Amino acid sequence: MGRHKQHKPRRPQAKREQPTTEWFGTAFHSTEGMYHLDVRQSGNGILITSSPAEMDGVPAAWALRLRNDDNGQGLTDLGAALASGQKHGIGMDEGPGFQTALLFFPDYPEEGIGTLARVRTVDGEDGGTFERRAERPMSLWAEAGENLRRIVPLLGPDAPAADEVEDCRLCPGCYRPVYESAASHTLIGAGPFPVMGLCRLCAEGTTLRSVREADAPIDPQQRAVLETVAAAMG
Ligand SMILES: [Zn+2]
């Protein structure tokens, strides 16, 4: 995702009203716009959604579901590593001649930025392939890690397995992942086009204010949506 110079991480703005099994944070980047991270309970596991992220080299939202198979130990360890900025790895999949692992690289590709990645390695080959990767300011990973650790004890041993990953749509105003539990069903027909499925922060006008405050760029499509909302709110 290129150079990261002036990250301006912010406190998550929606924390106060969110259920305790969810956390969401955004960093504003001076040249690349908004980076979202969402951590929430998903059945008996945790779902970490990074939007945008890189999936097979293409920008997309990466919804990573981690099962809780060991009384929360593995998830707690991951949370602790993110919170304290330590390198960490979790084996994910193994097949004939290959392995995939979830790896956290602190201060990579540069100081102050951390990378969470699903890396595939092939026997007998050097290095690995980044199948999925998300780069965020270390401070945002730290906050995600603290919240992950906070949520894990709330999972409960008899939570449903939830093998299916919950569907999320991306908010058209900020590309934040919007899960059913957090959706705002705002529909605005007054502008040049209808706007649906906005997250609450965009529907309230908070996103546009934050983007302006941070002087962060956003793509023209997002801007058009946010300005339509602002116009409709008068
Ligand atoms: Zn939004």
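The values are calculated or read from the model by the stated rules, or taken from the named source; none is laboratory data. Worth saying up front: this structure is predicted, and the values here are computed from it rather than measured. Quick reminder, even Gly has a Cβ in these numbers, built from the backbone with ideal geometry, and neighbours come from all protein chains shown. To get the accessible areas, we keep the full protein, side chains included, count just its heavy atoms, and leave off ligands, DNA and RNA. Shrake-Rupley method; radii C 1.70, N 1.55, O 1.52, S 1.80 Å.
For the range 98-154, just say rounded, prolate or oblate: build the C-alpha gyration tensor, square-root its eigenvalues into a ≥ b ≥ c, call rounded for a/c under 1.5, and beyond that prolate if a/b exceeds b/c, oblate if not. Oblate shape, in that a/c is at least 1.5 and b/c is the bigger or equal ratio.
In terms of the Cα gyration tensor, with a ≥ b ≥ c the square roots of its eigenvalues, is the range 1-166 rounded because a/c is under 1.5, prolate because a/b exceeds b/c, or oblate? It comes out oblate by the Cα gyration axes. Only the Cβ atoms of Lys and Arg (+1) and of Asp and Glu (-1) were treated as charged; on that basis the dipole of the range 68-149 about its Cα centre amounts to roughly 200 debye. For the range 144-152, putting each phi into the Karplus relation 6.51 cos²θ - 1.76 cosθ + 1.60 with θ = phi - 60° gives couplings of 4, x, 4, 6, 4, 4, 5, 7, 3 Hz, in residue order, rounded to whole numbers and with x for Gly and Pro. Magnitude of the charge dipole for the range 7-160, about its Cα centre and with charges confined to Cβ atoms of Lys, Arg (+1) and Asp, Glu (-1), is about 720 debye.
Could you look at the range 1-166 and say what percent of its accessible area is carbon and sulfur, using a 1.4 Å probe and all protein chains? That share works out to 48 percent. An oblate overall shape is assigned to the range 68-137, the ratio a/c of its alpha-carbon gyration tensor axes (a ≥ b ≥ c) being 1.5 or greater and a/b not exceeding b/c.
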